[in-house]
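Structure first, then comments.
The values are calculated or read from the model by the stated rules, or taken from the named source; none is laboratory data. If you're wondering where the values come from, they're calculated on a predicted model, not measured in any experiment. Neighbour counts are summed over all protein chains in view; Cβ atoms, including those assigned to glycine, are modelled from backbone coordinates with ideal geometry. We work out accessible area using only protein heavy atoms, side chains counted, and drop any ligands, DNA or RNA first. Shrake-Rupley method; radii C 1.70, N 1.55, O 1.52, S 1.80 Å.
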Amino acid sequence: MRQLTAMTALAVMTLSLSACSTGTTSSDRPLVDSAVDLVAPGTVNVGDAPVTDRTRQVVRLAQTLYTFWNTGDAAYLDRAVDPSFVDNTLQSGRPQGPAGPIAASSTFRTAVPDLTCELADLYIAGDTFTARLIFRGHVTGTYDGHTGNSEPIEFGAIDIQHVGDSRIDADWHLEDNLTFLQQAGIA
């Protein structure tokens, strides 16, 4: 299995690019998009599969989606998810489609305005990726009628996302809500 940190992957690909004098091939491009506005995964695992343009597209969509969760900026969500996006583990009361993550982010950021999302690990398997996430921040706002007192929070989540032709079209997710509620002093 091939597991690379984002920086190692970038360094290896950069060295490959500088060694080429006549342009680059598909295999010479980095796996992780190093754009400063995108979150970078801590590790990327593609198993024994070759890195292709599709693999790079899937990684970039993951980076774009979790930049939305890191910033709350819906423009990133628009670039990452298809209008026909389906949340297969939809929480009761949350709208289906792209409106669901926007509502969830808004609700959560009302309670935790300084929320960050770390893309700790990213696993790519064809058109599907699995992400291990770490959310951090301080409860300074209101959540479910409880007003925070700057309680620090740190909890994990696991997402499985399917990529259609050009964007994410389906997901399954599980957040450690109990840890959040305990750290926030709600449970």
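Some points to look at:
- Residues in segment 44-62 that are outside any helix (DSSP H, G or I) and out of contact with any Leu (no Cβ under 9 Å at 6 or more places or on another chain): G47, D48, A49, P50, T52.
- Contact map, segment 70-90: first residue closer than 17 Å to Q57 by Cβ and assigned to a strand (DSSP E or B), second residue among the charged types (D, E, K, R) and open to solvent by less than 60 Å² (accessible area, probe 1.4 Å), Cβ cut-off under 8 Å, separation 6 or more or different chains; pairs are V81/D169; D82/D169; F85/D169; F85/D171.
- Residue under evaluation P95, criteria (1) free of Cβ contacts under 8 Å to residues at least 12 places away in the same chain; (2) in a helix (DSSP H, G or I), criterion not met: (2)
- Residues that are among the β-branched types (V, I, T), closer than 25 Å to G42 by Cα and surrounded by fewer than 19 Cβ atoms within 10 Å (Cβ to Cβ) within segment 58-105 comprise T71, I102, listed in sequence order.
- Per the listing L38, L65, the residue uniquely in a loop (DSSP other than H, G, I, E, B) and at pLDDT 95 or above is L38.
- Answer residue from segment 173-187, given it is more than 26 Å from V81 (Cβ to Cβ) and open to solvent by 40 Å² or more (accessible area, probe 1.4 Å) and is modelled with the lowest pLDDT among those: A187
- Boolean, I168 is under 18 Å from the mean Cα position of the chain (by Cα) and either surrounded by 15 or more Cβ atoms within 10 Å (Cβ to Cβ) or at pLDDT below 95 (or both): yes
- Residue in segment 106-143 that is farthest from Q63 (Cα to Cα), counting only those that are open to solvent by 30 Å² or more (accessible area, probe 1.4 Å) and small (G, A, S): S106
- Contacts under 7 angstrom Cβ, first residue in segment 45-58 being farther than 22 Å from V81 by Cβ, partner open to solvent by 60 Å² or more (accessible area, probe 1.4 Å) and among the aromatic types (F, W, Y), 6 or more apart: N45/Y123
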